2 protein chains.
Amino acid sequence: MKQTRNTTAKTEILDLISQSEVALSHSEIQSALDGLCDRVTIYRVLNRLVEEDLVHKVVNTDGGVKYASCHSCATTHNHNHIHFSCQKCKSVTCLENVEPSFKLPKKYKVSEVNFTVSGICPKCS
Amino acid sequence: MKQTRNTTAKTEILDLISQSEVALSHSEIQSALDGLCDRVTIYRVLNRLVEEDLVHKVVNTDGGVKYASCHSCATTHNHNHIHFSCQKCKSVTCLENVEPSFKLPKKYKVSEVNFTVSGICPKCS
DNA sequence: CTTATTTTTGCAACAATGTTGCATTAAGTA
DNA sequence: TACTTAATGCAACATTGTTGCAAAAATAAG
């Protein structure tokens, strides 16, 4: 099994995501890092962080991909909460306390879930 | 207000999507049309169809975008049902009868919803 | 501290997906 | 039939993500 190393890029990117209130996209991270590392490295670090369950990947209703770190990332690894995507300020937020409920026909085997709700967030309304 | 026209491309694309059991991606539609029209036209037609509420756009957990027409497209324009994305056969299906329930804090105004569940579909299990 | 090993990085190149401007074509209407 | 305007095709561009490979950096061992 491959082991992972703690590099500057990884630390910086994880810090950025952890300290952000909202989910961050690759390009947002890139401009925040301001040339610290290559574009490709950011992709690779993000993939590693997701694999190691340190952050989770959020796909919003537009198809845009963002990355977020939430409380459950540090504990239960349960990322099946709702994400809210604000149409005004474009922010994506984890609503950790909102657990959606649904019932699928028995024959479906669920392994992953992505629940995104779009609208206007409290700050913008 | 701009009005819309019924062109060959639009008719063909809508037919394709309507007659398909599963949601279709831009590239799937493109190869099905087999050169009937330009790549760009497909993008533009798909956007129009979504605006006119004739089909709906589904974003799966990978960030891939697909288009589907379901019963509710023809009636209530309620696209807030669950979509199931099979990790094996890569198909995306509307589960029209499954209505998820959730409660957001009052301050959030909801206008759109995208619920996608990944796993293994009945055919593949 | 130095060396050895293996992961990460940077760079370049590529692939997929989506957008825009503009001249031409075609749909709907009078 | 002719007119008006939406829709198309083409070319070019933008964004997002991936891959191969040599060079650099991080851990482990001596």
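The values are calculated or read from the model by the stated rules, or taken from the named source; none is laboratory data. Just so it is clear, the model here is predicted, and its values are computed rather than measured. Every residue, glycine as well, gets a Cβ built from its backbone with ideal geometry; the counts of neighbours run over all protein chains shown.
Of the numbered criteria (1) assigned to a loop (DSSP other than H, G, I, E, B); (2) at pLDDT 85 or above; (3) not basic (Lys, Arg), the one A:VAL117 fails is (1). Filtering region A:1-36 to residues that are out of contact with any strand residue (DSSP E or B) (no Cβ under 8 Å at 6 or more places or on another chain), more than 10 Å from DNA strand D (Cβ to nearest atom) and not in a helix (DSSP H, G or I) leaves A:MET1, A:LYS2, A:ASP34, A:GLY35, A:LEU36.
Going by the structure shown, is B:LEU46 more than 9 Å from DNA strand C (Cβ to nearest atom), farther than 22 Å from A:LYS109 by Cβ and among the aliphatic types (A, V, I, L, M)? Outline the logic, then answer.
Numbers: more than 9 Å from DNA strand C (Cβ to nearest atom): no; farther than 22 Å from A:LYS109 by Cβ: yes; among the aliphatic types (A, V, I, L, M): yes.
Judged against the criteria, B:LEU46 is not a match.
Pairs linking a residue in region A:31-43 that is within 14 Å of chain B (Cβ to nearest Cβ) to a residue that is near DNA strand D (Cβ under 10 Å from one of its atoms), with Cβ atoms under 9 Å and 6 or more positions apart or on different chains, are A:TYR43/A:HIS26.
Looking only at residues of region A:48-70 that are within 13 Å of chain B (Cβ to nearest Cβ) and of a type in the set (S, T, N, Q), we find that the one that is nearest to A:LYS10 (Cα to Cα) is A:ASN60. Check region B:4-17 and report whether any residue there is at pLDDT below 95 and either surrounded by fewer than 16 Cβ atoms within 10 Å (Cβ to Cβ) or on the phi < 0 side of the Ramachandran plot (or both). Yes, that holds for at least one residue. Note on region B:84-102: residues that are within 8 Å of another protein chain (Cβ to nearest Cβ), closer than 18 Å to B:SER20 by Cα and either in contact with a Lys or Arg (Cβ under 8 Å, 6 or more places away or on another chain) or among the small types (Gly, Ala, Ser) (or both) total 0. If you go through region A:47-61 and keep only what is touching a strand residue (DSSP E or B) at 6+ places or on another chain (Cβ under 6 Å) and part of a helix (DSSP H, G or I), you end up with just A:VAL50.
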